[in-house]
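To start, the structure under review is shown below, and the notes come after it.
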Amino acid sequence: MPHSSTSPFPHRIGRRPELPRVAWQPDQWIRITTVLDLAGATDRIADVGGRGRQMQALTRVPVVTVNVEEPADVLTSRGEPLPFPDRAFGVVTSCDVLEHLPSEERHAHLAELVRVARDRLVLCFPHGSPAAMQAERRMRDTIKRDYGVSLDFLDEHVELGLPDTEQVAAQLRALDPGGHVEVRWSRGRAMWDEVLVDAMRARHGKDPRALARTAHMWFAKRHRPELFDEPGPDAHRAFVVLSRDGGPGHPPRSGGPGSAFRPR
């Protein structure tokens, strides 16, 4: 049933200062810039999940951050419909959210994203393959055993399971039969897993070599990755795009006029 509202912003909106880009994890920077590349040209973006404040630092397009907790421009409640009319935003993005929802809640989340997106929806999440799940368990157990540290996001990945990329794409096609769904993958899972383990070695193991490697990755690996039509054995993240313009092909990834990635 269509959602109605007298205002597209019925909840409290409060702008927060942006974090310096140097404080972002390099993999996080890569994800956000890639999502903005795939967003294409648009008039307004809604990011559902908490990355919008960072996106705003990388685009001139207005970005509204929707989240269940601060930082957010619009606070909402988990499991509730998004407080916006149908097709309220040119582009809707959701980055690193699906893997933190129980599998039975993911379809409802996707349905709301599709409902409020006018032209395009861009998703980013870890590619859920058997090899990826084994790597997540191994990394969680290694960090906990060697350093006595539990990372909430790793625990949730293992407990909830990473999203099945093809299932997500199929659900989007069912939610919008007239739309065009494409899936691309980045690779390098093993490398980024090692980056995380190195960060733990540097911080908790006081390993100077790990610290040097971590610093190098932190400052040297801020580039947008090549995306592939097939996941490959080392698939890292899935980028799923639902377009309603009817045409095949991804939006440009050049950072030029066809991309929302335009540093201010």
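The values are calculated or read from the model by the stated rules, or taken from the named source; none is laboratory data. Just so you know, these numbers come straight off a predicted model, no measurement behind them. Neighbour counts are summed over all protein chains in view; Cβ atoms, including those assigned to glycine, are modelled from backbone coordinates with ideal geometry. Side chains are part of the model used for accessible areas, which takes the heavy atoms of the whole protein and leaves out ligands, DNA and RNA. Shrake-Rupley method; radii C 1.70, N 1.55, O 1.52, S 1.80 Å.
Points worth noting:
- Distance from the Cα centroid of the range 167-233 to that of the range 79-102 is 22 Å (rounded to whole angstrom).
- Split the accessible area of the range 39-102 by element, probe 1.4 Å, and carbon with sulfur accounts for 49%.
- Amide hydrogen proximity for His236: with H placed 1.01 Å from N in the peptide plane, the residues at 5 or more positions away or on another chain lying under 5 Å are Ser186, Arg187, Gly188, Arg189.
- Potential lengthening between Asp229 and Glu69 on full extension [0.36 nm per residue; Cα-Cα distance subtracted]: 54.1 nm
- Extension gain, Arg244 back to Asp207 (0.36 nm per residue minus Cα-Cα distance, nm): 8.3 nm
- Computed from the Cβ-Cβ distance with R0 of 22 Å, the FRET efficiency linking Phe153 to Ala131 stands at 0.70.
- Kirkwood Rh and Cα Rg combined as Rg/Rh, the range 127-219: 1.11
- Hypothetical label at Ala215: residues of the range 179-195 whose amide nitrogen lies under 18 Å (7 Å Cα-Cβ projection): 195
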